[in-house]
1. I need the shape label for the chain. Rule: rounded when a/c is under 1.5, else prolate if a/b > b/c, else oblate, with a, b, c from the alpha carbon gyration tensor.
2. My understanding is that a pair violates if its Cα-Cα distance is over 18 Å; which of LYS34/LYS79; LYS34/LYS59; LYS44/LYS79 do that in this structure?
3. With a 1.4 Å probe and all protein chains left in place, how much of the accessible area of the chain comes from carbon and sulfur atoms, in whole percent?
4. GNM on the chain, C-alpha springs below 10 Å: top fluctuator among LEU264, LEU204, LEU159?
5. List every residue whose amide H lies under 5 Å from the amide H of LEU193, counting only residues 5 or more places away in sequence or on a different chain, with H placed 1.01 Å from N in the peptide plane.
6. Could you estimate the translational diffusion coefficient of region 184-290 from the Stokes-Einstein equation, with Rh from the Kirkwood formula over C-alpha pairs, at 20 °C and 1.002 mPa s, in whole µm²/s?
7. At 7 Å along Cα-to-Cβ for each site, give me the label-to-label distance between ARG61 and ILE94 in nm.
8. Any idea which of THR187, GLY139, GLY240 is furthest toward the positive side of the dipole for the chain, if Lys and Arg beta-carbons carry +1 and Asp and Glu beta-carbons -1?
Amino acid sequence: MEVVADEAGVLPMMVIMGQDATDEDIQHLVDKVKSVGLDVHVSKGQFKTVIGLLGDTRKARELPLSAFQGVEKVVPILKPFKLVSREFKREDTIVKVGDIAVGGNSFVVIAGPCAVENEEQLLDIARFVKKAGVSMLRGGAFKPRSSPYSFQGLGEEGLKILEMARAETGLPVVTEVMDAGDIELVTKYADVLQIGARNMQNFLLLKEIGQLQKPVLLKRGLSATIEELLMAAEYIVSGGNSQVILCERGIRTFETYTRNTLDLSAVALVKNLSHLPIIVDPSHGAGRWELTEPLSIASMAVGAHGVMVEVHPTPEDSLSDGDQSLKYDSFQTLMQNLRKTGEVFKKEI
Ligand code: PEP
Ligand code: MN
């Protein structure tokens with residue numbers, strides 16, 4: 001295998017410690033690596049420990065890494081993402097949201113309105129989706145709208161309504177944080193912090209969220225490559241927060257019949273490239289409510305760990321994304337058909 005450095009001549013690398021390596025061996029190596037100005041990320045498995053070298057790994061050339069006691073292998077990483085890569089961690093990461101596990105063999109359904117519009121609307125939807133058997137409730141209080149004249153969300157009032165819905169139904173809440181200045185506020189109310197497509201490369205936001213110990217739903221940017229999505233996740237994980245759920249939500253293409261083009265190949269590929277869980281948002285992916293069900297079924301078939309779907313009792317009155325919101329009866333059908341499909345793919349909903 002030919003190993004290439006990036007433009008700066010930096011060769012990312014990791015050190016695999018063998019089964020016999022002691023804690024002292026690991027610590028000795030970590031100390032030495034740190035002494036040349038690099039940082040480390042240590043991942044302890046049942047049998048092996050993987051030490052990722054972070055920073056300008058050219059500095060590691062000063063160290064004969066293979067000569068250290070307990071080192072089994074020194075592996076250069078060809079991909080620019082490291083901590084989120086399968087090479088770094090073979091087993092699927094399971095992100096726990098309360099009792100709910102996202103990743104591995106589970107299939108979660110997250111449902112709710114595009115935006116929290118008022119107490120009555122949100123509580124009605126929350127009760128309905130709870131009865132339908134979903135795992136989590138979604139709803140935006142801070143809305144990234146293309147037009148400054150569109151409904152921008154209820155802000156903290158919306159968060160308080162989400163909290164009421166959680167208190168009544170027990171459903172964990174997924175809601176978007178748009179601005180680094182709102183992180184503290186949104187974190188108080190959210191069980192999962194959503195980073196929207198438009199903010200996928202807001203690096204300041206990613207870094208700040210990386211400092212938290214809180215599950216994150218990171219949505220793919222409108223025109224982001226898969227590598228850019230994984231690099232965005234790398235920002236969060238390298239900050240110390242490894243609880244990242246990726247979300248494919250469609251990308252911009254020349255096609256106009258759909259709002260976006262849902263890239264299901266990204267799901268299959270990300271599962272090879274990364275250990276992080278990945279879910280699909282078919283509502284924003286296609287922008288048409290009638291495509292939500294077939295695309296949700298397809299998401300399960302392609303190996304996604306769940307879907308996030310927009311639901312509204314009266315989409316025609318919705319303050320945002322009515323065109324792509326499922327009415328209650330269609331949502332119920334979707335749940336039934338997902339359960340049936342789950343029998344084939346051994347996924348429990
Ligand atoms: C959303 O899920 O509420 C949303 C705005 O989606 P996206 O960021 O993917 O456009
Ligand atoms: Mn929406």
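1. prolate
2. Beyond 18 Å between Cα atoms: LYS34/LYS79; LYS44/LYS79.
3. The nonpolar share, carbon plus sulfur, comes to 50 percent.
4. LEU204
5. So LEU193 has HN proximity to VAL216, LEU217.
6. 153
7. So the two model labels end up 4.4 nm from each other.
8. GLY240
The values are calculated or read from the model by the stated rules, or taken from the named source; none is laboratory data. A quick note: this is a predicted structure, and the numbers were derived from the prediction, not measured. Because the Cβ atoms are built from the backbone with ideal geometry, glycine has one as well, and the counts that use them run over all protein chains shown. The protein model used for the area step is the full one, side chains on, heavy atoms only, and it has no ligands, DNA or RNA in it. Shrake-Rupley method; radii C 1.70, N 1.55, O 1.52, S 1.80 Å.
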